[in-house]
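The values are calculated or read from the model by the stated rules, or taken from the named source; none is laboratory data. As the structure is a computational prediction, the values presented were derived from the model and not from experiment. All Cβ positions, glycine included, derive from the backbone under ideal geometry; neighbour counts span all protein chains shown. When the accessible area is computed, the model is the full protein with side chains, heavy atoms only, and any ligands, DNA or RNA have been set aside. Shrake-Rupley method; radii C 1.70, N 1.55, O 1.52, S 1.80 Å.
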Amino acid sequence: MHNTEIIFRPSGLIAGVDEVGRGPLVGDVVAAAVILDPERPIEGLADSKKLSEKRREHLYELIRERALAWCVAKASPAEIDELNILHATLLAMQRAVAGLKVAPDYALIDGNRCPVLSCPAEPVVKGDARVAEISAASILAKVERDRQMQQLHLQFPEYGFARHKGYPTPEHLEALSRLGALPEHRRSFRPVREQLNREPHV
């Protein structure tokens, strides 16, 4: 079912690009770029948000094994605070494409904005559900970002990062209010900024 809605599909090596983590209050925004190998197809690629964690983990390994090239990159909370989340996301995407071991002829970017790249690119709205390469990128980015949250959970279990993945859920907001902000929190995001303004030592 992939690619059926795209009128023009460029020839040559296509990199699919997607990101995960624009909405959370904590951690990196993570982007991935993937060039699939038509000789080694991967069944079951889909929008990472529609897949179970077990399925994502399985596809993550297959993508890394079978793709012609892949790269996962990120922008840090400090970069997000400095640049804003949109520009930090575009930076992470640039880094992911630049990190590919094979240079793509064209890039298809999930969403409605393209970063400045060394190859031609076009945005594809809902691309993670429409383009196999973008689906693969969304899976790599989602698994990497979730693993980052698992690591943060091991360090700070009282915040519940393994459950809410850093998104501003009631549990996360309550922990933020009770325990304060961590260095990994994005200081420019309003709930974090408001909490820091309440803390006497800041």
request  = Being of a type outside the set (F, W, Y), surrounded by fewer than 14 Cβ atoms within 10 Å (Cβ to Cβ), modelled with pLDDT of 95 or more and within 21 Å of V26 (Cα to Cα) narrows it down to one of R145, R95, R163, R187, so name that one.
outcome  = R163
request  = Identify, from the list R64, R9, R56, the residue that is free of Cβ contacts under 8 Å to residues at least 60 places away in the same chain and either within 25 Å of K101 (Cα to Cα) or surrounded by 14 or more Cβ atoms within 10 Å (Cβ to Cβ) (or both).
outcome  = R9
ask   = Based on what the data block shows, is Q155 polar (S, T, N, Q), modelled with pLDDT of 95 or more and closer than 19 Å to V20 by Cβ?
value = no
request  = Filter the stretch 73-86 down to the residues that are within 12 Å of E19 (Cβ to Cβ) and not β-branched (V, I, T), then identify the one that is surrounded by the most Cβ atoms within 10 Å (Cβ to Cβ).
outcome  = A75
request  = Would you mind stating whether L90 is of a type in the set (A, V, I, L, M), within 23 Å of R187 (Cβ to Cβ) and without any contact (Cβ under 8 Å) to a residue 60 or more places away in the chain?
outcome  = yes
ask   = Assuming K101 fulfils every condition listed in (1) open to solvent by 60 Å² or more (accessible area, probe 1.4 Å); (2) within 16 Å of the chain's Cα centre (by Cα) apart from one, which condition is it?
value = (2)
